[in-house]
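So the structure is just underneath, and the comments pick up after that.
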Amino acid sequence: MPTIYHHISALRHALTLYYGRQSIALVPTMGNLHDGHLELVRIAKQHADIVVVSIFVNPTQFGIGEDFDSYPRTLEDDVAKLATVGADYVFAPSIDEMYPVLPPPTSVRAGEITSQLCGQSRPGHFDGVGIVVSKLFNIVQPDVAVFGQKDYQQLAIIQQLVRDLSYPIKIIGAPIVRAEDGLALSSRNQYLSDSERKIAPVLHQELQRLAEQLKNSEYREQGFESLLTATKARITEAGFTVDYLDIKTAQLDSLEANEATGNCNINSENLVILVAAWLGRARLLDNQLVTVKLPL
Ligand code: AMP
């Protein structure tokens, strides 16, 4: 079983054993763990000797009227799951422990990238992510930190944060873990009713269809807009309310995703399609990388 700490000082004390001797990986989560999270831990174990998983439903990344109160909190089950994948430590602080003053007077803002896509519909969300991740980096001082590519924009922002604030931490982007029918695993999937759950895989199917269309180079004549409009219409027809659907440039090789939200260059080889859409109470996120062959 992993050892659980609720206090910063106790965790730091435990970790002093390892600094300079063994490498540490951090996997930040909000708990209610599923196979996607467990895969991040497996990847973390391949990159470091000791794995610390944080479980903290971070109030500063939720907006007014969002699901902070109803977000599922399942610490006991989470710790049992983490034991099956060999996590060493769980850090599960209280809100007071993380934020002596709430909202914190200090902010960590990663710039323009935070106001696009998810940042547009969730103003302040990525500032909350910025401060909590910075705090976790300072508390744990890991060599490596693992984040899911499912939250592609978040990964891009963290890459930028690490670069701009000179954190000596290697960021690893882990591939999206999906259910058999293609739906990206998410703690918020449990907000779906049975009938909504049957519709939900449409999101991934439509991203794949759009990816194929992009590969076929049809877009070069039409531009992205008509393809995006048609895809949006099909997703809406299935019962979703689309928040955004967009295509950005991506950097596949290094997984340095910081260009993900840069302006799309129609000649780019590596693209990422990003979507956020409501289905009932659940706001679902997904994305699809696509490599487009350019004509010589
Ligand atoms: P969360 O608990 O939702 O804040 O997610 C914690 C970490 O798990 C983030 O880095 C997410 O990107 C990652 N994650 C969540 N769902 C998945 C998934 N289906 N596949 C891969 N990573 C995921």
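With more than 12 Å from the ligand (Cβ to nearest atom) and either at pLDDT 95 or above or closer than 25 Å to residue 35 by Cα (or both) as the only criterion, which of 173, 119 stands out? After ruling out the rest, the residue left standing is 119. Pick from segment 48-66 the residues that are within 20 Å of residue 171 (Cα to Cα) and surrounded by 20 or more Cβ atoms within 10 Å (Cβ to Cβ): which of them is farthest from the ligand (Cβ to nearest atom)? For segment 48-66, the residue satisfying everything is 50.
Would you mind finding the one in 142, 105, 168, 100 that is within 16 Å of the ligand (Cβ to nearest atom), assigned to a loop (DSSP other than H, G, I, E, B) and closer than 30 Å to residue 13 by Cβ? Talk me through it step by step, then tell me what you get.
Numbers: 105 fails: within 16 Å of the ligand (Cβ to nearest atom); 168 fails: within 16 Å of the ligand (Cβ to nearest atom); 100 fails: within 16 Å of the ligand (Cβ to nearest atom).
Just one listed residue meets the conditions, 142.
At pLDDT 95 or above, in contact with an Asp or Glu (Cβ under 9 Å, 6 or more places away or on another chain) and farther than 27 Å from residue 48 by Cα, is that true of residue 109? No.
For first residues located in segment 183-202 and under 11 Å from residue 281 (Cβ atoms) and part of a helix (DSSP H, G or I), partners that are within 15 Å of the ligand (Cβ to nearest atom) and not basic (Lys, Arg) and lie 6+ apart or on another chain with Cβ distances below 6 Å form the pairs 188/282; 191/282.
If the condition is being within 16 Å of the ligand (Cβ to nearest atom), over 26 Å from residue 190 (Cα atoms) and surrounded by fewer than 22 Cβ atoms within 10 Å (Cβ to Cβ), then segment 9-47 contributes 45, 46, 47. Residue 55 meets the conditions (1) without any contact (Cβ under 8 Å) to a residue 12 or more places away in the chain; (2) closer than 20 Å to residue 97 by Cα; (3) β-branched (Val, Ile, Thr) in every case but one. The failed one is (1). When residue 248 is evaluated against the numbered criteria (1) assigned to a helix (DSSP H, G or I); (2) basic (Lys, Arg); (3) surrounded by 14 or more Cβ atoms within 10 Å (Cβ to Cβ), which criterion, by number, is the only one it fails? Of the numbered conditions (1) assigned to a helix (DSSP H, G or I); (2) basic (Lys, Arg); (3) surrounded by 14 or more Cβ atoms within 10 Å (Cβ to Cβ), the odd one out for residue 248 is (1). Within segment 25-39, residues that are under 20 Å from residue 171 (Cβ atoms) and at pLDDT 95 or above reach partners that are assigned to a helix (DSSP H, G or I) and more than 6 Å from the ligand (Cβ to nearest atom) with beta carbons closer than 6 Å, at six or more positions or on different chains, in the pairs 25/44; 25/47; 26/140; 27/41; 27/44; 28/136.
Among the candidates 69, 88, 78, single out the residue that is of a type outside the set (Gly, Ala, Ser) and either surrounded by fewer than 13 Cβ atoms within 10 Å (Cβ to Cβ) or farther than 26 Å from residue 9 by Cβ (or both). Let's see the steps before the verdict.
Numbers: 88 fails: either surrounded by fewer than 13 Cβ atoms within 10 Å (Cβ to Cβ) or farther than 26 Å from residue 9 by Cβ (or both); 78 fails: either surrounded by fewer than 13 Cβ atoms within 10 Å (Cβ to Cβ) or farther than 26 Å from residue 9 by Cβ (or both).
Sole residue among the options that is of a type outside the set (Gly, Ala, Ser) and either surrounded by fewer than 13 Cβ atoms within 10 Å (Cβ to Cβ) or farther than 26 Å from residue 9 by Cβ (or both): 69.
The values are calculated or read from the model by the stated rules, or taken from the named source; none is laboratory data. For clarity, every value in this text was computed on a predicted model and none was experimentally measured. We place every Cβ from the backbone using ideal geometry, glycine too, and count neighbours over all the protein chains shown.
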